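**Student:** Take a look at the following structure, please.
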Amino acid sequence: MRFFKRSLFTLLSMAGLLLLVFFLSRMTGDPSYLFLPLDASAADRAAFSQLHGFDDPIYVQFGRYVVDLLNLDFGTSLSQQRSAMDIALEAFPHTLTLVSMALAIAFAGAILFGSLAARKPGGMIDRLISILSLTGASTPDFWVAIILVLIFAVSLGWLPTSGVGGPLYWIIPLFVLVLRPFGLLGQVVRGSMINALSSPYVKTAYAKGASEQKIIFVHALRNSMLPVITVAGDLAANLLNGAVIVETVFGWPGIGRLMIDAIMQRDFAVIQASILVTACAILILNILLDIAYVVLDPRVRHA
Amino acid sequence: MKKGKTYLAAGISGLLAVAGLVPHAHAANETVTVVLPEEPPSLEPCESKHSSVGRVLIQNITEPLTVIDPQTGEVKPELATRWEQTAPDAWRFYLREGVKFSDGAPFDAKAVAASIERLQRTDMTCNTKQQTLGGVDIKTNVVNDYVVEFKTSKPIPIFPTMMTVVQMSSPNMTLSGASRNPIGTGPYVITAWNAGTDITVERRDDYWGEKPVVSGARYVWRSESALRAAMVATGEADLTPIISVADADNPETDLSYPNGETTRLRISTMVPPLDDKRVRLALNLAIDREGLKVLFGEGAQLSEQLVGPNVNGFNPDIKPFAYDPEKAKQLVAEAKADGVPVDKAITIIGRNEIYVNAGEALEAMQAMWSEIGLNTQIRMFDTGNWLRYQNKPFPEPDMANLHQDQHDNLLGDATFTTFNKYDTEGVNSAVSDKRVDDLIAKAEPATGETRTKAFQEAFALLHDDIVADVYMYHMVGYTRVNPRLDWRPTLATNSEIDLSSIRFRASE
């Protein structure tokens with residue numbers, strides 16, 4: 001029953017999102033102004049609107065969209081003149097791979113350094129790691145991206161400037177993308193671990209003679225993970241919506257860049273398809289997060 | 001210590017190079033990598049007026065019947081060897097024999113008819129037709145295999161010029177959506193398009209013309225000018241057609257060229273206080289355009305009409321307005337004394353990134369106009385909303401405004417400028433003057449000297465007598481080219497990059 005209720009809510013929020021995206025995207029203006037030449041006459045614009053059905057009342061357009069959606073027809077891109085869903089599905093794996101790797105690195109780094117920082121709050125290591133993570137969380141990624149390209153690609157010639165290719169192509173984009181999640185997660189792990197390490201069960205573990213390594217990384221860490229996973233989930237959702245800066249600067253053919261381009265071009269079908277794909281991904285992510293909660297916290301399991 | 005770091009850097013670079021991990025775009029071959037500002041939305045021949053499409057397609061994959069010589073502006077034969085006008089609304093073209101499309105289909109009169117049909121299709125809006133042949137329908141009559149006759153819905157004396165934009169494509173290409181795999185008669189064929197990543201082309205062995213030196217090309221795209229420049233600097237790419245003036249900091253690799261664009265602020269000449277000629281003249285005299293060149297590059301030329309010297313109808317006798325703020329102040333004072341509401345706010349309609357430093361230029365001009373006592377306010381828009389103010393019906397017809405505009409006329413005839421921009425009925429026009437309308441009407445059906453003179457008179461009238469615009473610059477563009485290439489940009493570089501024109505320097 002609970003599962004059924006949750007699924008229903010999810011479907012309702014997806015429907016609400018699609019409704020919102022449909023109407024909001026159309027409020028950005030008439031696509032004929034962007035797809036026809038500057039000198040196009042009113043008659044040319046009217047013909048364009050008729051060809052693409054934009055001259056129908058908005059509720060008729062919406063009805064058509066819903067019917068097409070139910071028939072798994074996600075529309076045709078105005079600019080590319082091919083299936084909008086094909087375009088979104090071509091772009092999404094690039095973003096997914098980049099974001100997954102970035103989050104995995106940020107997560108692992110944050111756990112390691114956050115735990116080390118929490119071991120002696122206010123100590124030298126804690127201060128150093130705090131400075132690092134706060135710097136990471138607050139540095140503008142666009143600036144970091146360009147600076148890293150100038151240093152490592154242009155001046156030193158060690159890495160390629162941009163593009164998609166072998167392992168070296170991943171280094172700068174990943175570094176830029178990891179910086180902020182690492183900073184934020186590092187702070188969350190630190191805070192959560194400080195609380196856990198002052199808990200009675202940790203003192204008991206010390207009293208029983210357990211090693212410090214085991215206490216930190218087995219007992220305390222597991223209990224500190226719930227807030228970390230919550231924040232990591234939010235970060236992952238944000239990144240899945242588009243690591244736009246990284247994708248734009250490094251010419252990464254991901255869904256964030258696709259969405260921004262589609263919005264700028266008023267390519268409604270691509271906007272809708274991209275958001276649908278991303279929403280589905282976030283839905284799956286939320287299911288995975290729920291499973292992670294269940295695994296980590298017996299209280300959730302039993303409830 | 002410094003030496004140690006240098007050794008370390010050199011060591012790591014060496015290791016990476018040995019491992020083959022750092023990309024070297026031009027490792028001992030005759031291929032080139034071109035980095036464009038954006039990925040083409042398609043490679044549809046009838047969309048070739050879209051610059052991102054044209055730069056890959058034109059002269060490389062597809063070719064037109066006629067071409068414009070970028071140096072002289074003359075129309076020259078390409079797939080047609082000659083042509084003649086048989087009636088005011090009819091033209092006969094004689095086709096080059098022995099030409100084949102890359103799919104093996106013969107290039108003949110039937111193929112020309114199919115290409116015209118493709119252009120006039122109704123399942124999508126072809127920008128080539130919209131931009132250059134708008135309102136004209138073309139009927140094709142196949143006379144024999146190598147002779148084709150065109151009948152146009154109205155007389156077009158410059159029909160051979162218009163045919164320079166119509167790309168010939170194989171009759172075997174389907175008419176479903178915008179093509180991503182065009183088939184033409186050009187010296188190259190598309191070999192791969194990895195969506196979002198790159199497009200590669202390869203030289204054809206059976207090309208009808210001279211075999212190009214470049215054996216193939218890879219097109220990639222980056223939206224950031226600094227990154228495009230960096231890619232050429234590091235050797236990852238060989239050329240990029242557009243970089244900003246700020247990134248063009250290496251005289252050895254960065255070439256400036258007149259890009260055919262002319263900038264202006266269109267004056268709403270019928271709305272007070274801009275309906276007073278003295279105010280319009282003051283707007284022009286108050287601008288220190290020599291000083292503002294720093295924003296656009298020293299190669300930019302002060303403009304005095306909306307077309308450049310490459311265009312038939314350009315008037316070389318018009319002199320640009322000189323910077324004279326004192327005279328401008330005096331004109332404003334005179335207008336004020338005569339009751340012209342010079343204190344009324346004038347709105348500047350700007351467009352983000354219409355050209356490099358577009359916003360900065362407007363801010364500087366606003367300060368200069370403030371010095372002479374005019375009250376201006378800037379409203380910046382994205383392209384879509386800016387376009388609402390570009391075209392009639394204007395959304396706020398009573399608003400005194402200066403509309404930031406940039407116009408190119410690469411087809412080489414003033415007809416592609418004058419009617420829309422200055423005729424009373426023109427879709428972009430903020431001018432209504434019978435003398436201008438009459439001159440345009442006189443020029444359009446005419447040929448030769450009559451045509452040229454009528455356009456020249458119209459431009460002189462608009463500048464000297466009407467003061468229709470705040471005139472700015474004939475602009476320049478900047479390209480970055482790897483020193484291993486022997487290639488220079490031309491007026492056409494904005495819309496096409498002819499790979500056949502690229503040579504390699506001897507040292508490579």
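**Student:** Among the residues of segment B:406-419, which ones are within 10 Å of chain A (Cβ to nearest Cβ), crowded, with 22+ Cβ neighbours inside 10 Å and under 23 Å from B:GLU353 (Cα atoms)?
**Tutor:** Passing the criteria: only B:THR417.
**Student:** Residues being at pLDDT below 90 and in a helix (DSSP H, G or I): count how many of those fall in segment B:118-155.
**Tutor:** Count: 7.
**Student:** Could you check how many residues of segment A:32-67 are more than 8 Å from chain B (Cβ to nearest Cβ) and either more than 27 Å from B:THR128 (Cα to Cα) or part of a loop (DSSP other than H, G, I, E, B) (or both)?
**Tutor:** Adding up the residues that qualify gives 16.
**Student:** Among the residues of segment B:428-472, what is the count of those that are over 17 Å from B:ILE318 (Cα atoms) and among the small types (Gly, Ala, Ser)?
**Tutor:** 7
**Student:** Criterion first (at pLDDT below 85 and buried (at least 18 other Cβ atoms within 10 Å of the Cβ)) does A:ALA88 satisfy it?
**Tutor:** No: the conditions fail for A:ALA88.
**Student:** Go through segment A:15-36 residue by residue and tally those that are under 30 Å from B:LYS129 (Cα atoms) and surrounded by fewer than 18 Cβ atoms within 10 Å (Cβ to Cβ).
**Tutor:** Number of matching residues: 5.
**Student:** Quick one: B:THR81 ticks every box in (1) touching a helix residue (DSSP H, G or I) at 6+ places or on another chain (Cβ under 9 Å); (2) not in a loop (DSSP other than H, G, I, E, B) except a single one, so which number is it?
**Tutor:** Only one criterion is unmet by B:THR81, namely (1).
**Student:** Taking segment B:254-279 on its own, how many of its residues are surrounded by fewer than 21 Cβ atoms within 10 Å (Cβ to Cβ), within 12 Å of B:ASN401 (Cα to Cα) and of a type in the set (D, E, K, R)?
**Tutor:** The total comes to 1.
**Student:** Taking the stated definitions as given, is B:ALA178 aliphatic (A, V, I, L, M) and within 14 Å of chain A (Cβ to nearest Cβ)?
**Tutor:** yes
**Student:** Scanning for something closer than 30 Å to A:ASP261 by Cβ, within 14 Å of chain A (Cβ to nearest Cβ) and either of a type in the set (D, E, K, R) or surrounded by fewer than 18 Cβ atoms within 10 Å (Cβ to Cβ) (or both), does segment B:360-367 turn up at least one residue?
**Tutor:** no
**Student:** Another one. If you take the residues in segment B:181-201 that are assigned to a loop (DSSP other than H, G, I, E, B) and within 14 Å of chain A (Cβ to nearest Cβ), which one is surrounded by the fewest Cβ atoms within 10 Å (Cβ to Cβ)?
**Tutor:** Out of the qualifying residues, it is B:ASN181.
**Student:** Considering only residues that are out of contact with any Gly (no Cβ under 8 Å at 6 or more places or on another chain) and among the polar types (S, T, N, Q), look in segment B:48-63 and name the one that is farthest from the other protein chains (Cβ to nearest Cβ).
**Tutor:** B:SER51
One line per residue, one yes/no per condition, for (1) assigned to a helix (DSSP H, G or I); (2) over 20 Å from the mean Cα position of the chain (by Cα):
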residue	(1), (2)
A:GLY209	no, yes
A:PHE217	yes, yes
A:ALA237	yes, no
A:VAL270	yes, no
A:THR278	yes, no
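**Student:** Now for a different question. Report whether or not B:LYS76 is under 20 Å from B:THR62 (Cα atoms) and in a strand (DSSP E or B).
**Tutor:** yes
**Student:** Could you identify the single residue in A:GLY136, A:GLY114, A:GLY163 that is within 12 Å of chain B (Cβ to nearest Cβ), touching a Gly at 6+ places or on another chain (Cβ under 6 Å) and crowded, with 21+ Cβ neighbours inside 10 Å?
**Tutor:** A:GLY163
**Student:** Residues B:ASP423, B:ASP398: which one is away from chain A (no Cβ under 11 Å) and crowded, with 20+ Cβ neighbours inside 10 Å?
**Tutor:** Answer to the selection: B:ASP423.
**Student:** Regarding segment B:324-344, can at least one residue be identified that is within 26 Å of B:ALA248 (Cβ to Cβ), part of a loop (DSSP other than H, G, I, E, B) and modelled with pLDDT of 95 or more?
**Tutor:** Among the residues of segment B:324-344, not one is within 26 Å of B:ALA248 (Cβ to Cβ), part of a loop (DSSP other than H, G, I, E, B) and modelled with pLDDT of 95 or more, which makes the answer no.
**Student:** What's the total number of residues in segment B:210-236 that are touching a residue at least 40 places away in the same chain (Cβ under 8 Å) and part of a loop (DSSP other than H, G, I, E, B)?
**Tutor:** Of the residues in segment B:210-236, 9 are touching a residue at least 40 places away in the same chain (Cβ under 8 Å) and part of a loop (DSSP other than H, G, I, E, B).
**Student:** When you look at A:VAL246, is it in the same structural domain as A:TRP170 (by TED's automatic domain parsing), farther than 25 Å from B:THR197 by Cβ and at pLDDT 85 or above, yes or no?
**Tutor:** no
**Student:** Let me ask you something else. Against the condition in contact with a strand residue (DSSP E or B) (Cβ under 7 Å, 6 or more places away or on another chain) and buried (at least 22 other Cβ atoms within 10 Å of the Cβ), how does A:GLY186 come out, does it pass?
**Tutor:** no
**Student:** Also, quick follow-up: What about A:ILE172, is it in a helix (DSSP H, G or I), closer than 25 Å to A:ALA237 by Cα and within 12 Å of chain B (Cβ to nearest Cβ)?
**Tutor:** For A:ILE172, the condition - in a helix (DSSP H, G or I), closer than 25 Å to A:ALA237 by Cα and within 12 Å of chain B (Cβ to nearest Cβ) - is met.
The values are calculated or read from the model by the stated rules, or taken from the named source; none is laboratory data. For clarity, every value in this text was computed on a predicted model and none was experimentally measured. Methodologically, a virtual Cβ is constructed for each residue, glycine included, from the backbone with ideal geometry; neighbour enumeration extends over all protein chains shown.
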